[in-house]
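These notes are about the structure you will find just below.
Every number here is computed from the coordinates shown, using simple stated rules; none is lab data. This is a predicted model, so every value here is computed, not measured. We place every Cβ from the backbone using ideal geometry, glycine too, and count neighbours over all the protein chains shown.
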Amino acid sequence: MKTKRLQLMIIATLFLGVNIGGASVAQGATLQNKNVVVATKPTPKSTVSSTNVSKVNTTKKSSFRPLVTKPVAKPVAKTNSKSTATPTVAKPSAKPVNAAKPSTAAKPATTVKTVSTAKSTAVAKPAGTAPKPVAKPVATGAKPIAQKPAASKQTTPKVVKTTEADSIKANTAVITRNKVGSVMTPATERIEHVPNVRVLLGSRSSDATVTSTANMVVLNSGNGQVSTISANRGTSIGVRGGKIAVNGKAIDTVVTLKPTNSDAPFLFEGKGYRGGLTLRANNGTMMVINSVPLEDYLYGVVPQEVVPSWPAAALEAQAVAARTYALHTMEQNKGKLYDVSNSTDHQVYSGVSGEYQATTNAVNKTKGVVMLYNQRPINALFHSDGGGYTEDSVNVWGNDIPYLKGVKDYSTGTSTSNWTVTTSRQALESKLNAASKGVGKLKSIQLTPLGKPGQQTSDRGVSGRIKSATFIGTSGKTTVDGDSLRSILGLKSTLFDFYVNHNPAKGTGKAYHNFTGNNDTVYIKGHGWGHGLGMSQWGAAEMAKRATPGDANYYQTILRHYYSGITLKKMY
């Protein structure tokens, strides 16, 4: 009896144990399901990116990380699940010029692609800089649940439109995506060594003097060495019998003097230059050409084209533009005796004497970086001041160049952005007569009044620059194109209007184009300085002032703003 009672007690104990264990398992499953529901709460909307969580691990600490370094697959279906992770908010890249703030603008990403394939004006922050959001606890007193980013379910980031598309802040996120080196240049198109550029310093019929702190070798037209000139010795060069003579001895029609130390500049008529000096006999005169490595050439160019005290980004943008322009011109002039002159016909070049440390640093910082369009160096035109808006190339010189399009200019230079010239009707008639455009006594000018930029008319470009103006007088009428009119009147740009007998500084700003025939006073109010194509140098300086502190590559933003659709690549 005792044995049977003991067996019954054992059986009862085992039965109760099974039920208790089953209840524990069920309770655990219920809790886990509850956790899953809590873990899939909706994610707050973000203008940068959004990520869903699909799996739960209750044994590990939270390891959730936003997907900022790799693009994810395009979502195939909508989902209502939302993450409990704190959303990452990108900081604006630059202070906007205008008072109106764009609704979104992200800090430029250097090597990071956006999370979604959907287009957006926002860009994710670079990897390593975005803070890691911490997952919220599942319930009060519960440990955080580790969450793994899902590759299968994604929500499309909300696209937020900017309120001021032309502002620096709105443009930065978009135009800085294609960084230098993001697409490698094919090996066949890369430049193995820094090329030499041939700079025409001038022509002369009289002798000149050359000196160097290092020995110089004398080379003939076949690049054969003829002699050596000792350091610090003044050497006379000139033309004798149709040949270049060195110290009175005729050598060849082409002679090159080159310091043996490439770091030692030479003096030509007291002015220092890097590289070597090539002399060509040409009809009794001597062409003087400085053959110099491109980067050394830029040392003497950039400080002549900008103000060396400008922010570094503006100097760097100018260095890239000058380098690109030189390469483009070198391609155009391969079969000629020189590539560029040292004047405003190409780029102003002053050799060693014109160098500044700040601009030299800008050249070194951007060494080899070139702007390309269809894999070729662009004609990187630039001008002093855009006057509020640059112009389409087709409206200036008739050629529709895709990367030279009118864009907003941020220049605020008082003397270059806005100017007024005061003259008289008689003086205007005299200038038209001198240019063979006279129409007798002026009666009126047919010209669309200058309005807001972006409103192109038949006689004004997209910036408002004059394409043509018609002058009507007592003996007929004549139409003058904008470039010619600027030259005839001696003005800074073609972005102007006429105010006959109405001073624009005192009036409403409305243009007046009719003459009274008496002592008419003509006010010409204009904006900007230069042809208005490509980069505005004062505008670049203003953009650089507003760059985000620490943005070492902001010059790229400037260049992409002024040159449409270009690619930046390091060529050597």
For Val197, other-chain or 5+-apart residues with amide H closer than 5 Å (H placed, Pro excluded) are Val292, Leu294
For region 247-368, with +1 on Lys and Arg beta carbons and -1 on Asp and Glu, the positive-most of Phe266, Ala313, Gly351 along the dipole: Phe266
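Could you give the dipole magnitude of region 257-320 about its Cα centre, charging the beta-carbon of Lys and Arg +1 and that of Asp and Glu -1, in debye to the nearest 20?
Values: 4 positive and 6 negative charges, 60 e Å.
Roughly 280 debye, rounded to the nearest 20.
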Here the net charge surrounding Lys243, from other residues whose Cβ is less than 14 Å away from its Cβ (Lys, Arg +1; Asp, Glu -1), is +1
Taking amide H positions as placed 1.01 Å from N in the peptide plane, with prolines and chain starts having none, which residues 5 or more places from Asp520, or on another chain, fall under 5 Å of its amide H? Arg425
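Roughly how many debye, to the nearest 20, is the charge dipole of region 428-516 about its Cα centre, given +1 on each Lys and Arg Cβ, -1 on each Asp and Glu Cβ, and no other charges?
Numbers: 13 positive and 5 negative charges, 28 e Å.
That gives region 428-516 a dipole magnitude of about 140 debye.
Add +1 for every Lys or Arg and -1 for every Asp or Glu among the other residues with Cβ under 14 Å from the Cβ of Gly276, and state the total.
On the way: positive: Arg198, Lys258, Arg274, Arg280; negative: Asp263, Asp296.
Local charge sum for Gly276: +2.
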Taking square-rooted eigenvalues a ≥ b ≥ c of the alpha carbon gyration tensor, is region 312-386 rounded, prolate or oblate, where a/c under 1.5 means rounded and, failing that, a/b exceeding b/c means prolate? oblate
Can you run phi through the Karplus equation (6.51, -1.76, 1.60; θ = phi - 60°) for region 241-249 and list ³J(HN,Hα) in whole Hz, with x for Gly and Pro? x, x, 10, 7, 10, 10, 6, x, 9
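What ranking do 427-436, 206-215, 360-369 get when scored by the average of other Cβ atoms within 10 Å per residue, highest first?
Numbers: 427-436: 14.7, 206-215: 16.4, 360-369: 19.9.
Per-residue Cβ counts within 10 Å, averaged per peptide and sorted highest first, yield 360-369, 206-215, 427-436.
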For region 503-509, Karplus couplings with θ = phi - 60° (6.51, -1.76, 1.60), whole Hz, Gly/Pro x: 5, x, 6, 10, x, 7, x
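Sort 316-328, 505-517 by packing, meaning the average of other beta carbons within 10 Å per residue, with the highest value first.
On the way: 316-328: 26.6, 505-517: 13.2.
Final packing ranking: 316-328, 505-517.
What shape does region 373-516 have by the C-alpha gyration tensor, where a ≥ b ≥ c are the square roots of the eigenvalues, rounded means a/c under 1.5, and otherwise prolate means a/b greater than b/c and oblate the rest? Spell out each step's value before the answer.
Details: a/c = 2.17, a/b = 1.58, b/c = 1.38.
The shape class here is prolate.
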Set Lys408/Lys545; Lys408/Lys452; Lys452/Lys525; Lys408/Lys570; Lys477/Lys510; Lys405/Lys569 screened for pairs whose C-alpha atoms are more than 19 Å apart: Lys408/Lys570; Lys477/Lys510; Lys405/Lys569
Computed lengthening from Asp207 to Leu337, 0.36 nm per intervening residue step minus Cα-Cα distance: 44.7 nm
Heads up, region 440-524 by the C-alpha gyration tensor (a ≥ b ≥ c square roots of eigenvalues; a/c under 1.5 rounded, else a/b over b/c prolate, else oblate) looks oblate
State the Cα centre-to-centre distance between region 289-363 and region 520-545 in whole Å. 22 Å
Please list, or write none, the aspartates and glutamates whose alpha carbon is within less than 20 Å of the alpha carbon of Lys506, excluding same-chain residues fewer than 8 places away. Asp497, Asp520
For Phe515, what is the net charge nearby, where nearby means another residue's Cβ is under 13 Å from its Cβ and Lys, Arg count +1, Asp, Glu -1? +1
With label points set 7 Å from each Cα along the Cα-to-Cβ direction at Lys506 and Gln225, the distance between them in nm comes to 7.6 nm
So who's got an amide H within less than 5 Å of the one on Lys443, skipping anything under 5 residues away but keeping other chains? H placed 1.01 Å off N, in plane. Ile472, Gly473, Thr474
Which ³J(HN,Hα) values, rounded to whole Hz and listed in residue order, are derived for region 221-234 from phi using the Karplus coefficients 6.51, -1.76 and 1.60 in 6.51 cos²θ - 1.76 cosθ + 1.60 with θ = phi - 60°, glycine and proline given as x? 5, x, 6, x, 6, 9, 6, 10, 10, 5, 4, 6, 9, x
